[in-house]
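Structure first, commentary second.
The values are calculated or read from the model by the stated rules, or taken from the named source; none is laboratory data. Since we're looking at a predicted model, the values are computed, not measured. Cβ placement follows ideal geometry from the backbone for every residue including glycine, while neighbour counts extend to all protein chains displayed.
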Amino acid sequence: QTAKVATKFTPTKADYQKVYNRIAEVIDDASDYDDGSYGPVLLRLAWHASGTYDKNTGTGGSNYATMRFEPEALHGANAGLHVARGLMEKVKKEFDWISYGDLWTLAGVCAVQEMAGPKIPWRPGRIDGFVTHVTPDGRLPDATQGAPHIRDIFYRMGFNDQEIVALSGAHALGRCHVDRSGFQGPWTFSPTTFTNDYFKLLFNEKWVWRSWNGPKQLEDKKTRSLMMLPTDYVLTQDKSFQKYAKAYAEDNELFFKDFASAFSRLLELGVPTQQFVAAEPWIMGDEA
Ligand code: DDH
């Protein structure tokens, strides 16, 4: 007689690749949504799940996926992200062994890569936490503010000026929604393709304050169809930010390389190293 041994399912890279492939299908199944892709809103979910990290207390970050809980789901900055969480809930039903933190960060990686961006090194190991792990409101950037605020927020996560600017290039993608943030419109003419156009447009277009009833935002003088947030425009005004923003406007390859490394790090903030199942991050999507 053979003894029955209870075996715990240990997912391999191939299993995570299956999740990635499913997310890629979800991203494209969006003919009636925004610009025809769920990629931008999924990227925003991965960023807001990770960007709560505080290096001084070691709290926040993607480890416990605390945006599942009401206090954090209702934080003003997270308005609209229920769309992204709802999409991932369906994927979670099919692959119930993956943690929410791994799922959401993998969705961010998939979004960038499927929208023609750089490969983002990623590895699994996040665990689901509890409501007690929720961080206080106010840890994500406020678009109405200036350079000191941007530095406060991102230095708290452990990033420097160059990394702040590189990460901001994500605004090549997606758009603002009046019913989510109060702001309106896309930053670029190709909001579902990852490019350095955000930086190019910042310097090549003339940006003027939009006259409207909404919050202060800029529009391009020529077509009046693009927008910049006050925090975006600061990247052209602050001397240190400007240096990096110009470099990224001139060199797409440099932007891709620096974005990939800063974003990969962002996704791992607050995750104890011993939790990661692999010593080095993986490149997903290669065997899709
Ligand atoms: Fe952002 N972002 N973001 N952002 N963001 C918005 C949309 C998107 C700020 C404010 C806003 C990053 C940095 C900043 C994306 C990615 C990233 C919106 C509009 C506001 C407001 C939301 C809405 O109405 O739907 C501010 C302020 C900052 C800052 O750094 C000072 C970073 C670092 C990222 C990243 O991914 C690394 C993406 C993508 C969107 C588009 C979402 C969508 O639904 O489309």
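Please determine whether any residue of the range 114-130 is under 19 Å from the mean Cα position of the chain (by Cα) and in a helix (DSSP H, G or I). Checked the range 114-130: at least one residue is under 19 Å from the mean Cα position of the chain (by Cα) and in a helix (DSSP H, G or I). If I filter the range 173-195 down to residues being in contact (Cβ under 8 Å) with a residue 40 or more places away in the chain and small (Gly, Ala, Ser), which single residue comes out as nearest to residue 259 (Cα to Cα)? Filtering first and then ranking leaves 174. Answer yes or no as to whether residue 228 is more than 15 Å from the ligand (Cβ to nearest atom) and under 21 Å from the mean Cα position of the chain (by Cα). No, not satisfied. When only residues in the range 1-17 that are surrounded by fewer than 14 Cβ atoms within 10 Å (Cβ to Cβ) and charged (D, E, K, R) count, which is nearest to residue 193 (Cα to Cα)? Restricting to residues being surrounded by fewer than 14 Cβ atoms within 10 Å (Cβ to Cβ) and charged (D, E, K, R), the top hit is 8. Tally the residues that are closer than 25 Å to residue 183 by Cβ, free of Cβ contacts under 8 Å to residues at least 24 places away in the same chain and in a helix (DSSP H, G or I), restricting the search to the range 71-94. Summing the residues that are closer than 25 Å to residue 183 by Cβ, free of Cβ contacts under 8 Å to residues at least 24 places away in the same chain and in a helix (DSSP H, G or I) in the range 71-94 gives 3. Selection of the range 258-282 for residues being within 16 Å of the chain's Cα centre (by Cα) and assigned to a helix (DSSP H, G or I) yields 258, 259, 260, 261, 262, 263, 264, 265, 266, 267, 268. Applying the criterion of being near the ligand (Cβ under 9 Å from one of its atoms) and of a type in the set (Phe, Trp, Tyr) to the residues of the range 20-74, the residue that is surrounded by the fewest Cβ atoms within 10 Å (Cβ to Cβ) is 47. Tally the residues that are more than 16 Å from the ligand (Cβ to nearest atom) and within 16 Å of the chain's Cα centre (by Cα), restricting the search to the range 75-100. Matching residues across the range 75-100 total 1. Of the residues making up the range 156-163, at least one is surrounded by 18 or more Cβ atoms within 10 Å (Cβ to Cβ), within 20 Å of residue 232 (Cβ to Cβ) and not charged (D, E, K, R). Residues in the range 95-115 that are of a type in the set (Ser, Thr, Tyr) and without any contact (Cβ under 8 Å) to a residue 60 or more places away in the chain were compared, and the one that is nearest to residue 173 (Cα to Cα) is 100. Against the condition closer than 24 Å to residue 181 by Cα, surrounded by fewer than 12 Cβ atoms within 10 Å (Cβ to Cβ) and not acidic (Asp, Glu), how does residue 221 come out, does it pass? Yes. Checking the stated criteria, residue 214 turns out to be assigned to a loop (DSSP other than H, G, I, E, B) and surrounded by fewer than 20 Cβ atoms within 10 Å (Cβ to Cβ).
Filtering 120, 164 for residues that are over 21 Å from residue 78 (Cβ atoms) and either within 12 Å of the ligand (Cβ to nearest atom) or modelled with pLDDT of 95 or more (or both) leaves a single hit, 120.
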